[in-house]
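This report refers to the structure that appears directly beneath it.
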Amino acid sequence: MTDTIKSPNAEAKPGGGDNKPKPITTLRDWLDHLAARDRLAVIRPGVSLQFELAAIAKVFDGVKATLFPSPGGHAVPVLSGLVSDRQWIADAMGVEAGEVLARYQDAASKPLPWKEVPSAPVQEVVHREVDLVKQLPMPTHNEHDNGAYITAGLFITRNPVTGVQNVSIHRLQVSGPNRLGALLLPRHTHMFYEMAERAGQPLDVAIVIGVDPLTLLSSQAIAPIDFDELTIAGALHGKPLPVVKCVTNDLRVPAEAEIVVEGRLLPQVREPEGPFGEFPQYYGERADRHVIEVTAVTQRKDAMFHTIVGGGLEHLLLGGIPREATLLAHLRRSFPNVRDVHLARGGVCRYHLYVQIAKRQEGEAKNVMMGAFAGHYDVKHVIVVDEDVDIHNPAEVEWAVATRFQADRDLVIVPESQGSKLDPSTRNGVGAKMGMDATMPLDADEMKFKRIRVPGEELVDVKKAVGSVPSAAWRKALGA
Ligand code: MN
């Protein structure tokens, strides 16, 4: 993480106001932005779609995005690692790293409706005869994955009653030339599917591959049902997202996307899906799951295919940042003195929540924990710290636990609660919550918890501090 490094945008254009950096609104602009900062690696042509592509993308994870020309001899190139760092997300938004959550929450609270356009780049080529393996370069990532998957598709569906669209990302197994297996966790897509299935109807879907990072981020919002996540993308962009109607159903999809797979979730059909390497660094198990029949593939003439390698920083950050923004807003409704939250990488940006508070009352940290557990079922361990602890630095949080926490007094355990089904230590998602109050007592003697500090430490300029004697001649410096 490089949370402390200043945004290159902000450095290039100081002063703010009208010079404020603009948000990135297209994938191609984003690639230009990354390339200009040496954050894009163009890989040699022809790497294998089987493991080799994922292996290379993983090595570059957190450092550079990767572009793979003609992977496995396929005409369509593959992209991975589009967001690899919190600072990159700040750059895409046109803000400083410390403003990412506030910007996201502002967009979520002031969504911008999309604007329909009559024709779109994403429909330059239309395949009504579908052969997924021939048309799309879908890689196989992990050792025990059950073959190729689409992992970075924005999954768009519509509430059959209200007509409001929903966006989420689901792993999609390639099960046949026009068939995908889907994992639908119990959220909005699944509710719409159940409504359609009860009526004996399929549920139309559109799977959108290759969008800008802010649209990707909008898809991961923890929004209420009947809240169209694409309206957050518009707000993040600062202008309505252009959308176009699909060619085989009524769903509206981002016009600037690279590829759209259109189809329908079939009622009363379940087929084996998995195993598949997931964000907690374990395999999601094989089971009978939902099935999509693909009705068309549309794409740009020079389309690119985006893949997210499971458990990489791209995967973790895209899920983590919208969750942080939602949890922060949720906690602040009850606890206005919550300063910041962070879903730590060691907790796969889902399970470990660090909360920074300006403590006013004894016992308050425990109430904050209970609020956090209620905020999202994935939140498993909560550590509450004071304002002087940097929650983006795991060593600082550990230090607070080491020196301000006593297990007999400051520990909260809630047994048998709903957790993440992908956490293998739970019993199919049922597990314990743990909260740790690592804040100082309010009535403590001032010197007892006074953090040591060397006066002037923060002012030292390393270059100016070093003298003219080379280190090999250190004896000379002693005047010998
Ligand atoms: Mn939703």
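The values are calculated or read from the model by the stated rules, or taken from the named source; none is laboratory data. Here the structure is a predicted model, which means the values were calculated and not measured. For neighbour counting, all protein chains shown are included, and Cβ atoms are generated from backbone atoms with ideal geometry for every residue, glycine included. In case anyone asks, the SASA skips ligands and DNA or RNA and just uses the protein heavy atoms, side chains included. Shrake-Rupley method; radii C 1.70, N 1.55, O 1.52, S 1.80 Å.
Miscellaneous remarks
- Strands (runs of 3 or more DSSP E) completely within the range 34-126 that count 3 or more residues being within 22 Å of the chain's Cα centre (by Cα): 65-68, 78-80
- Residues that are closer than 19 Å to G274 by Cα, in a strand (DSSP E or B) and among the aliphatic types (A, V, I, L, M), drawn from the range 167-199: I169, L172, V174, L180, A182
- The set of residues in the range 436-471 that are aliphatic (A, V, I, L, M) and either in contact with a helix residue (DSSP H, G or I) (Cβ under 7 Å, 6 or more places away or on another chain) or assigned to a loop (DSSP other than H, G, I, E, B) (or both) comprises M436, A438, M440, L442, A444, M447, I452, V454, V460, V466, V469.
- Only a single criterion out of (1) within 21 Å of G81 (Cα to Cα); (2) assigned to a strand (DSSP E or B) is not satisfied by D302, namely (2).
- Selected residue [open to solvent by 50 Å² or more (accessible area, probe 1.4 Å) and either more than 12 Å from the ligand (Cβ to nearest atom) or of a type outside the set (V, I, T) (or both)] from E256, E229: E256
- Residue match in the range 165-176 (condition: open to solvent by 60 Å² or more (accessible area, probe 1.4 Å), in contact (Cβ under 8 Å) with a residue 12 or more places away in the chain and within 16 Å of the ligand (Cβ to nearest atom)): no
- Set T151, T157: member being at pLDDT 95 or above, in contact with a Pro (Cβ under 9 Å, 6 or more places away or on another chain), closer than 23 Å to P272 by Cβ and of a type outside the set (G, A, S): T151
- Subset tally (residues that are buried (at least 24 other Cβ atoms within 10 Å of the Cβ) and within 12 Å of the ligand (Cβ to nearest atom)) for the range 180-218: 2
- In summary, D145 fulfils each of the numbered conditions (1) in contact with a helix residue (DSSP H, G or I) (Cβ under 8 Å, 6 or more places away or on another chain); (2) assigned to a loop (DSSP other than H, G, I, E, B); (3) open to solvent by less than 20 Å² (accessible area, probe 1.4 Å) with the single exception of condition (1).
- For the range 413-435, filtering for residues that are open to solvent by 20 Å² or more (accessible area, probe 1.4 Å), in a loop (DSSP other than H, G, I, E, B) and in contact (Cβ under 8 Å) with a residue 12 or more places away in the chain leaves 3.
- Between K115, K134, the distinction of being open to solvent by 50 Å² or more (accessible area, probe 1.4 Å), in contact with a Lys or Arg (Cβ under 9 Å, 6 or more places away or on another chain) and more than 16 Å from the ligand (Cβ to nearest atom) belongs to K115 only.
- Scope the range 178-216; condition more than 25 Å from R323 (Cβ to Cβ) and either touching a helix residue (DSSP H, G or I) at 6+ places or on another chain (Cβ under 6 Å) or of a type in the set (S, T, Y) (or both); matching residues: L203
- Applying the criterion of being closer than 17 Å to A400 by Cα and open to solvent by 20 Å² or more (accessible area, probe 1.4 Å) to the residues of the range 364-389, the residue that is nearest to the chain's Cα centre (by Cα) is H381.
- From P254, P267, P242, residue being over 26 Å from P177 (Cβ atoms), touching a residue at least 40 places away in the same chain (Cβ under 8 Å) and not aliphatic (A, V, I, L, M): P242
- Residues of the range 362-376 that turn out to be part of a loop (DSSP other than H, G, I, E, B) and at pLDDT 95 or above, as a count: 2
- The range 272-288, residues that are touching a strand residue (DSSP E or B) at 6+ places or on another chain (Cβ under 8 Å), open to solvent by 30 Å² or more (accessible area, probe 1.4 Å) and touching a residue at least 24 places away in the same chain (Cβ under 8 Å): P272, P275, Y283, R286
- For the range 436-458, filtering for residues that are surrounded by 10 or more Cβ atoms within 10 Å (Cβ to Cβ) and without any contact (Cβ under 8 Å) to a residue 40 or more places away in the chain leaves 1.
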